[in-house]
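Novice: This structure is in structure tokens; I'll ask about it shortly.
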Amino acid sequence: MTRTLLPQSPLGEVLPVQGGDVRLSDACLRPRWGLKGAGLAALLGDDLPARPNLAVRRGDGGLIARIGATEVIGLACPAPSPLQNPPWTVPRTDMTCWIVATGGGVVPMMATLCAVDLCEAATPDLTVVQTSVATIAAIIIRDGEAWHLLADMAYGRYLVQALTQSIVKV
Amino acid sequence: MSGPSRLPAPHGRLIDRGKPVRFTFEGRAYEGFAGDTLASALLANGRWVMSRSFKYHRPRGPWSLRGLDANTYVQVGEQPNLAACTLPLTENVSARAQNVLGSLDRDLLAGLGWLKPFFPAGFYYRSFFRPKGAWQFWEPLIARLAGLGRVARATPHPAGQDKAYAHAQVAVIGGGLAGMEATLAAAEAGASVLLIDDGMRLGGDLLAGDAAVASRVEALAEAVAHNPAVQVIAPAQCVGWYADHWLAVMQAKRLWKIRAEAVVLATGALEQPPVCRNNDVPGIVPAEAVRKMIRLWGVRPGDQAVVLAPDPEAEAIRALLDEAGTTAVAVRAPDAGQTLVEVIPAPGKRGVRAAVFQAVDDQGEPHGPAESIPCDVIVTAGTVQPLGQLACHAGAQLAYDPARHGFVLQGLAPRAFAAGAVAWHLDPHAAAASGKHAGQAAAQALGLAADPGPAPAAAGMNAPWRVVRHPKGMDFIDVDEDQTSADLATAVAEGFTHLEHIKRYTTTGMGPSQGRTSALASARLARHLTEQALDGTLVTTQRPPFAPVPIRTLAGRGFAPERRTPMDTWHRAAGASMMPAGAWWRPAYYGAEREAAIAAEARQIRQDVGLIDVSTLGGIDLSGPDAATFLNRLYTFAYLKQPVGKVRYALLCEETGAIVDDGVAARLAEDRFYVTTTTTGAEAVYRIMLLCNAQWRMAVDFTPVTTAWAGITVAGPKARTLLERLPCDVALDAQSFPYLGVREGTLAGAPVRIMRTGFVGELSFELHVPYTYAASLWSLLMEMGQDLGVRPVGIEAQRVLRLEKGHIIIGQDTDGLTTPAEAAMAWAVSGKKPAFQGKRALEILDRAPPTRRLTGFRLPESAVAVPEGCLCLDGSTITGRVTSCAASPALGHVIGLAMLAPAQAAPGQTFIIKDEAGRLLTAETVALPFIDPDNQRQAL
């Protein structure tokens, strides 16, 4: 008997969620990748954000978020192949759950979970926020009308539960 | 004063007479209207007494009607200390009085006031601490007699509590005229503004003002509500103002944490009670409260009133009373020859019967002929205390200004502004102007507006009221704490001259009002008694919270982060009992019967094959040319010559030589290692690696990959048979893939890292696959191994299996000081390396004789396992403790590990274990491991 396994999202059973003016969607099976170490500028060129905590939107609709001087996360775009190491690849696909939040209620919802001001004036488009959400480490990226929430994959269900409860409260 | 006293419309602009609301107070049924507060509804029903005092259980009635005093605190259900004067009336609400023995009207402790001579200030400090331990007896009794509401200790944390963050360029505290003007001015300048107000409606109290003021307030409230730059948090109470304009604000079930760049304080001022004998009797109220009673709730305050106020306020109050049909039988100004020295109470001290006026001497004591004026309400005005306590939290001070006969705010924090009555702009027009200026100044401080010029001068000032010290006492300085002028005099006589010391000795200012109704009088009297000038006197230290904060509000919403392995749903569906390990949940065993399940699972691994979810083990990828060098310098073992494709045990010590973690280091390439850690040690080991390399500066990079790679251990004699049924590009035979090997490849299409390890002492393949593949792989293995008898195995069985093999668990078999030698793991320490973490300490420790050693033991056939931690004895001397103990399914008797004295550790000796019931068991030391000493099973 032969069998080929396919990846399964751990959040597939609990997302999407629609409540109030917020929709939470599961993007755990969408492509994402990480690179860290020297050589990012040569590898990514203009796709490397100018400084940490910024993201750039690529022509193919993907995003590259810079989360440190020498570390990036790519979302919804193909991973470049380094010809040499560093930079080293980071297995973001399985390390990091990816939840997309949309709707006018996202900012008030997040205000019950996160100390960072996410209003547009303080957190404009393509801002990357590395912070604590519901007491766990998380990365928040503002992408136009959408918010990308990235956190440890094993905390994924907990994070969805915390977000969902906050939708109800708001 | 008794019977209903509701006035006809147009009085009562907040109540809806078409919507009656039924409620009970002290078990008696009443009726009010929608828009009432509990207090206004009680007043409308002729009930003034709403509470009993803290110490003497004297009847108390409303004072501020703003929730700023404790006189209307009631208990509603399980919620204590709710201010009835701000509690919206709701249908069928049932409230009770607090701090009474019996009932509010028939309080069995009402006579405590007669014992006042036996309760002087400082009484508690002298009376209840001898003999030693006496306080433990008295404290609960005193708490019952003198407490406030009752806390329902068994009540679970209510659902729906939470905390939220808010941010604004300008925060305005107080939604009166000044606050709303400040809000709009700052918003107009382009600032984002957050307005915090404690009222049910913006400008609430001022709605009771004259028509022009009320109209202006409504217009401002409308403008605020429709300004997109303004966020209003109301009704809400700011309870703390911390460094850098961090504000704590309570709102219903939410605690707001607000960060502002500038703050405008517009909290107003509070009328102060006159100090005279029986000045706490219900029916003595400030004019602003009377105004609200009449105009907002349509409550007639009484039949005959005595007014204590300077002109022109006195005439305005007289006109107000006329509106309600209350006769002002006397109007007295503060500078008249006589002052109010005593209030004659109605029977039971439940109301006012007369006001007594008399001249007072320099000491504040009455003398000369007295005039008694019958009345049922006394209305006061002209002496206020600015509500500047919040600014004091943030470093400002309230200092006495003799020109104003009151305290003024000084030393405001940078980008903090005061407006309105809190800054002595007592006239509504002046308050509005000061608010507008403060809003502009806040915007200017943020670079959003031009300099608005100098702030308008404040013209407000207090009437120079005297503090009356009545020879018969009961002249309360602090009604919260039942402290009279005699109590302050006692403190001064005891030698306390500083206000802070007097405060602590008498507790004046330490009640729920936090000095809001006592600071002015106590400062005046204390300075007089100590013959010190009032000029420049500071109020005592003001600390958060400004108002009582329920513990549930502080607790907020509970967060309990949980990490789940990919197989978590499968485990729970299979009937696993889950156990926590840090934030992780792991399956302990499967089935209802714990001991039977553990034994069956352990036997399964020894006989056939089982699956263990090891996803919680920490994982760190090390990449770079110095990866091996780094590991070699950090861990105790040797890694420089470790071949690619091999796994080595990894033992980590701290600088003291104590073991802190263990795992394995798998070399995937010359410059890549995959290092595992214990479940709870992953983050600490990662931090240690980062810290060490911050000093060592090696060319190595660290990536925590704990979650990226889920782990499944396939263990048992049939493990290889099972795995070979799945498509795999890694050769699994023993020759190609020997014990302690590591391979990368694919398994059933999933990327995989496979390690041959032997924690449970059987043929084992540790499969590390991406998180998103692991659940399907687990299910596939269970399906493919059905005929082999495969079953899931929990952590408890794994612990038994590793014990049989003599493997330790860090943190269970070791403590915070255990060295590798003590743990019988000297084999894991390289003696040839020049350095590793802890090496220097271990070398020093090795020079001394050993003091303990981890040793295997067995109990007699009939014995049952003893708990970890049981003492080991040599005669009556404690020589160690049991670290692990379990019934071994493979051996048929109980085995364990114990940290023993070296002299006891040789195999074949006996020692005594004292179990948790005190029984003494004889144990025999055994050489480790208990099974398979030649490692034949795991090397299959």
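To keep it simple, each residue is scored yes or no on (1) more than 14 Å from chain A (Cβ to nearest Cβ); (2) more than 31 Å from the chain's Cα centre (by Cα); (3) open to solvent by 40 Å² or more (accessible area, probe 1.4 Å).
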position	(1), (2), (3)
B:ARG126	yes, yes, yes
B:GLY147	yes, no, no
B:ALA159	no, no, yes
B:ALA171	no, no, no
B:GLU181	yes, yes, no
B:SER192	no, no, yes
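Novice: What number of residues within region B:613-632 are away from every other protein chain (no Cβ under 14 Å) and touching a helix residue (DSSP H, G or I) at 6+ places or on another chain (Cβ under 7 Å)? Write out each step before concluding.
Specialist: Step one: list which residues in region B:613-632 are away from every other protein chain (no Cβ under 14 Å), which gives B:628-632.
Pick out the ones that are also touching a helix residue (DSSP H, G or I) at 6+ places or on another chain (Cβ under 7 Å) and you get B:630.
Residues in region B:613-632 being away from every other protein chain (no Cβ under 14 Å) and touching a helix residue (DSSP H, G or I) at 6+ places or on another chain (Cβ under 7 Å): 1 in total.
Novice: Here are B:ALA665, B:ALA734, B:ALA650: which of them is away from chain A (no Cβ under 12 Å) and in contact with an Asp or Glu (Cβ under 7 Å, 6 or more places away or on another chain)? Working first, answer last.
Specialist: Values: B:ALA665 fails: in contact with an Asp or Glu (Cβ under 7 Å, 6 or more places away or on another chain); B:ALA734 fails: in contact with an Asp or Glu (Cβ under 7 Å, 6 or more places away or on another chain).
Answer to the selection: B:ALA650.
Listed here are the residues, each with its yes/no results for (1) open to solvent by less than 50 Å² (accessible area, probe 1.4 Å); (2) small (Gly, Ala, Ser); (3) within 14 Å of another protein chain (Cβ to nearest Cβ).
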residue: B:GLY515; (1), (2), (3): yes, yes, no
residue: B:SER518; (1), (2), (3): yes, yes, no
residue: B:GLU531; (1), (2), (3): no, no, no
residue: B:LEU534; (1), (2), (3): yes, no, no
residue: B:PHE546; (1), (2), (3): yes, no, no
residue: B:GLY558; (1), (2), (3): no, yes, yes
residue: B:LEU611; (1), (2), (3): yes, no, no
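Novice: May I ask you to verify whether A:GLY37 is surrounded by 16 or more Cβ atoms within 10 Å (Cβ to Cβ) and modelled with pLDDT under 95? Full working, then the answer.
Specialist: Numbers: surrounded by 16 or more Cβ atoms within 10 Å (Cβ to Cβ): yes; modelled with pLDDT under 95: yes.
So A:GLY37 passes the test.
Novice: Follow-up question, since we're still on this one. Inspect region B:147-157 for any residue being within 30 Å of A:LEU118 (Cβ to Cβ) and of a type outside the set (A, V, I, L, M, F, W, C) and give the result as yes or no.
Specialist: Of region B:147-157, the ones within 30 Å of A:LEU118 (Cβ to Cβ) are B:157.
Filter once more, so that each one left must be of a type outside the set (A, V, I, L, M, F, W, C): B:157.
Scanning region B:147-157, I find at least one residue that is within 30 Å of A:LEU118 (Cβ to Cβ) and of a type outside the set (A, V, I, L, M, F, W, C), so the answer is yes.
Novice: Oh, and also: Being touching a helix residue (DSSP H, G or I) at 6+ places or on another chain (Cβ under 7 Å), closer than 24 Å to B:GLY460 by Cβ and surrounded by fewer than 21 Cβ atoms within 10 Å (Cβ to Cβ) is true for just one of B:VAL307, B:VAL331. Which residue is that? Spell out the reasoning first.
Specialist: Numbers: B:VAL307 fails: surrounded by fewer than 21 Cβ atoms within 10 Å (Cβ to Cβ).
After ruling out the rest, the residue left standing is B:VAL331.
Novice: Could you pull out the residue among B:VAL281, B:VAL290, B:VAL264 that is in a strand (DSSP E or B), open to solvent by less than 10 Å² (accessible area, probe 1.4 Å), touching a strand residue (DSSP E or B) at 6+ places or on another chain (Cβ under 8 Å) and among the hydrophobic types (A, V, I, L, M, F, W, C)? Spell out the reasoning first.
Specialist: Details: B:VAL281 fails: in a strand (DSSP E or B); B:VAL290 fails: in a strand (DSSP E or B).
Exactly one residue qualifies, and that residue is B:VAL264.
Novice: Going through region B:567-601 one residue at a time, which ones are under 18 Å from B:THR678 (Cα atoms), in contact (Cβ under 8 Å) with a residue 24 or more places away in the chain and either within 14 Å of chain A (Cβ to nearest Cβ) or in contact with a His (Cβ under 6 Å, 6 or more places away or on another chain) (or both)?
Specialist: B:ALA581, B:GLY582, B:TRP584, B:ARG586, B:PRO587, listed by residue number.
Novice: If only one of B:VAL685, B:VAL675 is assigned to a strand (DSSP E or B), more than 14 Å from every other protein chain (Cβ to nearest Cβ), within 22 Å of B:ALA581 (Cβ to Cβ) and under 45 Å from the mean Cα position of the chain (by Cα), which one is it? Walk me through how you get there before you give the answer.
Specialist: Values: B:VAL685 fails: assigned to a strand (DSSP E or B).
Answer to the selection: B:VAL675.
Novice: Going by the conditions given, is B:ALA164 in contact with a Phe, Trp or Tyr (Cβ under 6 Å, 6 or more places away or on another chain), open to solvent by less than 50 Å² (accessible area, probe 1.4 Å) and within 30 Å of B:ASN227 (Cβ to Cβ)?
Specialist: Working: in contact with a Phe, Trp or Tyr (Cβ under 6 Å, 6 or more places away or on another chain): yes; open to solvent by less than 50 Å² (accessible area, probe 1.4 Å): yes; within 30 Å of B:ASN227 (Cβ to Cβ): yes.
Yes, satisfied.
Novice: Still on this structure, please answer the following. Please state which one of A:LEU29, A:LEU54, A:LEU11 is within 11 Å of chain B (Cβ to nearest Cβ), open to solvent by 40 Å² or more (accessible area, probe 1.4 Å) and within 15 Å of the chain's Cα centre (by Cα).
Specialist: Values: A:LEU54 fails: within 11 Å of chain B (Cβ to nearest Cβ); A:LEU11 fails: open to solvent by 40 Å² or more (accessible area, probe 1.4 Å).
Within the list A:LEU29, A:LEU54, A:LEU11, the selection yields A:LEU29.
Novice: If only one of B:VAL151, B:VAL172 is touching a helix residue (DSSP H, G or I) at 6+ places or on another chain (Cβ under 9 Å) and assigned to a strand (DSSP E or B), which one is it? Break it down stepwise before answering.
Specialist: Details: B:VAL151 fails: assigned to a strand (DSSP E or B).
Residue meeting the stated conditions: B:VAL172.
Novice: May I ask you to list the residues in region B:734-775 that are in a loop (DSSP other than H, G, I, E, B) and more than 30 Å from B:LEU803 (Cβ to Cβ)?
Specialist: B:GLN735, B:SER736, B:ALA748, B:GLY749
The values are calculated or read from the model by the stated rules, or taken from the named source; none is laboratory data. Remember, predicted model here, so these are calculated numbers, not experimental data. With ideal geometry, Cβ positions are generated from the backbone for all residues, glycine too; neighbour counts draw on all protein chains shown. What goes into the accessible areas is simple: the full protein's heavy atoms, side chains included, and nothing from ligands, DNA or RNA. Shrake-Rupley method; radii C 1.70, N 1.55, O 1.52, S 1.80 Å.
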